[in-house]
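Participant: Mind having a look at this structure? Questions to follow.
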Amino acid sequence: MPSTPATTATAQIGVTGLAVMGSNLARNFARHGHTVAVHNRTAAKTKTLIDEHGHEGNFVPAETAEEFVAALVKPRRLIIMVKAGDPTDAVIEEFAPLLEEGDMIIDGGNAHFADTRRREKNLRERGIHFVGAGISGGEEGALNGPSIMPGGSVESYKALGPLLEDIAAKAADGTPCAVHVGPDGAGHFVKMVHNGIEYADMQLIAEAYDLLRTVGGFAPERIAEIFRTWNAGRLDSYLIEITAEVLAHKDAATGRPFVDVVADEAEQKGTGRWTVQTALDLGVPVSGIAEAVFARSVSGHKELREAAAGLPGPSAGALSPAEAEEFAARVEEALYASKVVSYAQGWNMIAKASEEYGWNIDLGAMAAIWRGGCIIRAAFLDRIRAAFATDPQLPTLLADRQFAEEVGRAQDAWREVVATAVRGGVPTPGFSATLAYYDALRAERLPAALTQGQRDFFGAHTYRRTDREGSFHTLWSGDRTEEQTA
């Protein structure tokens, strides 16, 4: 490895932070013919990358920040792959003084979009472009083709975009799963919502499994077959595919189904919580995502679950084989309908944030870049893309004719599955919340009128009327009330 700054800049792009994600991303660039400068705070990791994978392409190892920056051709493109939060700020402050006007720093970690907006503003004032790039697909995606969601200036994407599109996953039609999302924090925001949808998708799949096993009486290996069948239809997706693999797997040590030896405590890294917290700030209902986050939280509170383990509950009767097969078909309908609602909530959140922050996000393009590489990649994303192509102002996926017809046809089975779960004492917060959301949207009138009346009574919060314009307040006093214009 060189010990003095490089005298010739040859690298089209650089990656600092060579843990698995960073190393795989650097290798992906190199495999596509790009010369890649690589750097890590601990030089041993840089050496390991070169020793083990140097044959895969052209790498320029650098021991110091100065060497690393000197190796990059202008405009310099520097990707940070370090832990979100303070470590990211520390790396930015280390490299920014070494850069020139027009250079760019790209944060490929799971940063909070508000932090990205702050960093972009600060660096823009110093003449440096900052790109917050959401990268989905995990370690495998980073190496073989992720879905990439960069935010930042249009100018920065002109210089960076071709490289990202080169290494990104490709959809079935050959389209790169990378696109300029919008200014400042738009990319990291969309990645956050992607992860929120991922939480909901996984929770719904878990509930489907629980129902098939608890109510249907199916063994894990049979449920794996059911999921494989579903994956050949409208539920075709990466998550359904791997669910079948997990359910079919046997534990080598015990010979038992793998799913039975895993502790039933689901962990989380925080992006799901961010999604729900931000949705509350924006005033956007994302109940499917929220219930998925809370379900993971419940699973982790073992002391509460142990304390409540003796509470009474219903006992469900066994289904006949024929009844079980019919029930499985209804669960597929409920899963599909709930999935559509969860995705609709995610897209509504993106649309609201785009309006709030002036991002002008192309909603159809978000579906297009999620068709490959990312965790929620699914066949029906192409239909979401088509729905927004037909009507860019579509207020909700549930207003699209085809999706509305499908969910409408599924609603009877959906309701029956939720009712069966309630009668059998099987928790289905995802199925239940998405169904309630569907019913709330289609309701001609909601009980929110009573809620607002209560608010006016105890807090003089006023209300609007259905028969004339304006805000009103009722003077509540015993048997006599009087309305006045607020």
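Participant: Just wondering, is there one or more residues in region 366-379 that are surrounded by fewer than 21 Cβ atoms within 10 Å (Cβ to Cβ) and over 29 Å from ASN144 (Cα atoms)?
Facilitator: No, there is no match, as no residue in region 366-379 is surrounded by fewer than 21 Cβ atoms within 10 Å (Cβ to Cβ) and over 29 Å from ASN144 (Cα atoms).
Participant: Also: Name the pairs: first residue in region 350-366 and farther than 12 Å from PHE189 by Cα, second residue open to solvent by 50 Å² or more (accessible area, probe 1.4 Å) and part of a helix (DSSP H, G or I), Cβ to Cβ under 8 Å, at least 6 apart or on different chains?
Facilitator: So the pair list comes out as GLY364/ARG385; GLY364/ALA389; ALA365/ARG385.
Participant: Restricting to region 454-483, name every residue that is open to solvent by less than 90 Å² (accessible area, probe 1.4 Å) and within 30 Å of LEU398 (Cα to Cα).
Facilitator: TYR463, ARG465
Participant: Something else now. Would you pick out the residues in region 277-305 that are among the hydrophobic types (A, V, I, L, M, F, W, C) and farther than 22 Å from HIS112 by Cα?
Facilitator: Answer for region 277-305, where residues must be among the hydrophobic types (A, V, I, L, M, F, W, C) and farther than 22 Å from HIS112 by Cα: ALA295, VAL298, LEU304.
Participant: Take region 419-442 and flag every residue that is open to solvent by 20 Å² or more (accessible area, probe 1.4 Å), in contact (Cβ under 8 Å) with a residue 24 or more places away in the chain and among the β-branched types (Val, Ile, Thr).
Facilitator: THR420
Participant: To continue, here is another question. Quick test for you: out of ARG228, ARG296, ARG305, ARG234, pick the one residue that is over 26 Å from ASP382 (Cα atoms) and open to solvent by 70 Å² or more (accessible area, probe 1.4 Å).
Facilitator: Checking each option against the conditions leaves just ARG305.
Participant: Are any residues in region 141-177 assigned to a strand (DSSP E or B) and open to solvent by less than 10 Å² (accessible area, probe 1.4 Å), and if so, which ones?
Facilitator: SER147, ILE148, MET149, PRO150, GLY151, listed by residue number.
Participant: Evaluate region 185-200: report whether one residue or more is farther than 19 Å from ARG273 by Cα and either modelled with pLDDT of 95 or more or open to solvent by 10 Å² or more (accessible area, probe 1.4 Å) (or both).
Facilitator: Within region 185-200 (the criterion being farther than 19 Å from ARG273 by Cα and either modelled with pLDDT of 95 or more or open to solvent by 10 Å² or more (accessible area, probe 1.4 Å) (or both)), the answer is no, since none of the residues qualifies.
Participant: Taking GLY138 as meeting all but one of (1) crowded, with 18+ Cβ neighbours inside 10 Å; (2) among the small types (Gly, Ala, Ser); (3) touching a Pro at 6+ places or on another chain (Cβ under 9 Å); (4) within 26 Å of VAL276 (Cβ to Cβ), write down the number of the exception.
Facilitator: It fails just one condition, (1).
Participant: Given (1) part of a helix (DSSP H, G or I); (2) surrounded by 12 or more Cβ atoms within 10 Å (Cβ to Cβ); (3) at pLDDT below 95, identify the lone condition not met by LEU335.
Facilitator: LEU335 satisfies all of (1) part of a helix (DSSP H, G or I); (2) surrounded by 12 or more Cβ atoms within 10 Å (Cβ to Cβ); (3) at pLDDT below 95 except (3).
Participant: Right, next: Since VAL259 meets every condition but one in (1) within 29 Å of the chain's Cα centre (by Cα); (2) modelled with pLDDT of 95 or more; (3) open to solvent by 60 Å² or more (accessible area, probe 1.4 Å); (4) farther than 25 Å from LEU435 by Cα, which condition does it not meet?
Facilitator: Tallying (1) within 29 Å of the chain's Cα centre (by Cα); (2) modelled with pLDDT of 95 or more; (3) open to solvent by 60 Å² or more (accessible area, probe 1.4 Å); (4) farther than 25 Å from LEU435 by Cα, VAL259 fails exactly one: (3).
Participant: Another one. Would you be able to tell me the number of residues in region 202-242 that are among the charged types (D, E, K, R), in a helix (DSSP H, G or I) and either farther than 15 Å from ALA329 by Cα or in contact (Cβ under 8 Å) with a residue 60 or more places away in the chain (or both)?
Facilitator: Counting residues in region 202-242 that are among the charged types (D, E, K, R), in a helix (DSSP H, G or I) and either farther than 15 Å from ALA329 by Cα or in contact (Cβ under 8 Å) with a residue 60 or more places away in the chain (or both) gives 4.
Participant: Also: If a residue must be more than 15 Å from LYS191 (Cβ to Cβ) and either assigned to a loop (DSSP other than H, G, I, E, B) or in contact with a Phe, Trp or Tyr (Cβ under 7 Å, 6 or more places away or on another chain) (or both), how many such residues does region 105-118 contain?
Facilitator: Residues flagged as more than 15 Å from LYS191 (Cβ to Cβ) and either assigned to a loop (DSSP other than H, G, I, E, B) or in contact with a Phe, Trp or Tyr (Cβ under 7 Å, 6 or more places away or on another chain) (or both) within region 105-118 amount to 1.
Participant: From ALA322, ALA316, which residue is open to solvent by 50 Å² or more (accessible area, probe 1.4 Å), touching a residue at least 24 places away in the same chain (Cβ under 8 Å) and hydrophobic (A, V, I, L, M, F, W, C)?
Facilitator: Checking each option against the conditions leaves just ALA316.
Participant: So the check is Cβ under 6 Å with 6+ separation or different chains; which pairs have a first residue in region 10-23 that's within 16 Å of VAL73 (Cα to Cα) and a second one that's of a type in the set (Ser, Thr, Tyr) and open to solvent by less than 50 Å² (accessible area, probe 1.4 Å)?
Facilitator: Correct list of pairs: THR10/THR35; ALA11/THR35; GLN12/THR35.
The values are calculated or read from the model by the stated rules, or taken from the named source; none is laboratory data. Worth saying up front: this structure is predicted, and the values here are computed from it rather than measured. A quick note on method: Cβ atoms are made from the backbone with ideal geometry, for glycine too, and the neighbour counts reach across all protein chains shown. To get the accessible areas, we keep the full protein, side chains included, count just its heavy atoms, and leave off ligands, DNA and RNA. Shrake-Rupley method; radii C 1.70, N 1.55, O 1.52, S 1.80 Å.
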